[in-house]
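Trainee: Quick one: the structure is below, and I'll ask about it shortly.
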Amino acid sequence: MIDFMTNDKCAASSGRYLENMASILDVSLEELGQYAATPVELNSTCAVFGESELIGKIVEGFSLAELAAGVNATIVKRILPLLRSFTGEVLVFTGGVAHNHAVSTLLEAGSGRRIVIPQEPQFNGAIGCCCVTQLPS
């Protein structure tokens, strides 16, 4: 591993954000992760305001596909700036959000880098913690 980055500002680029937005759209996380094309523009940088903005877009009559793609694109829009200083050609995408196919696809396209997703990405942080605590002193 060369570097590790995570969002330190808000839940708006986290799995919890995706859970909340999927709930508003009344879809599963798996279904949410299938939408990447024709995203509606969502600009709120706060998870709470993002929910209100999504509800507004529902009222405006956007389709489920556009709304879900907009949610996924919003996550990627928040991740890409974190990658500006990263010079590697391959990104290892861990955490539960890595299960979202649309986010990984959009992230790969937006970053121009190959994305590698471990077999069970949601456990990588916990596995790392266990390995570190078991090192001999």
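Every number here is computed from the coordinates shown, using simple stated rules; none is lab data. Given the structure is predicted, the values throughout are model-derived calculations rather than measurements. Note that each Cβ is placed from the backbone with ideal geometry, even for glycine, and that neighbours are counted across all protein chains shown.
Trainee: Amide H neighbours of residue 116 under 5 Å, counting only residues 5+ apart in sequence or on other chains, H built in-plane at 1.01 Å?
Mentor: 91, 92, 93
Trainee: Can you list residues from other chains, or at least 5 along the same chain, whose modelled amide H is less than 5 Å from the amide H of residue 86?
Mentor: HN-HN under 5 Å from residue 86: empty list.
Trainee: Got the relative contact order for the stretch 11-133 handy, in percent, Cα pairs under 8 Å and 6 or more residues apart? Write down the numbers at each step before the final one.
Mentor: Details: 159 pairs, mean separation 33.6, N = 123.
Here the relative contact order equals 27 percent.
Trainee: Give, as a single signed number, the net charge of other residues whose beta carbon lies under 15 Å from the beta carbon of residue 70, with Lys and Arg counted +1 and Asp and Glu -1. Walk me through the numbers before you get to the answer.
Mentor: Numbers: positive: 57, 77, 78; negative: 31, 41, 51, 53, 60, 66.
It works out to a net charge of -3.
Trainee: Name the trypsin sites (Lys or Arg not before Pro) in the stretch 51-124 that are in a loop by DSSP and that have at most 14 other C-beta atoms within 10 Å, would you?
Mentor: 84
Trainee: Now for a separate question. Report the local net charge at residue 60: Lys and Arg +1, Asp and Glu -1, summed over other residues whose C-beta lies under 12 Å from its C-beta. Working shown, then result.
Mentor: Working: positive: 57; negative: 41, 53, 66.
Around residue 60, the charge tally is -2.
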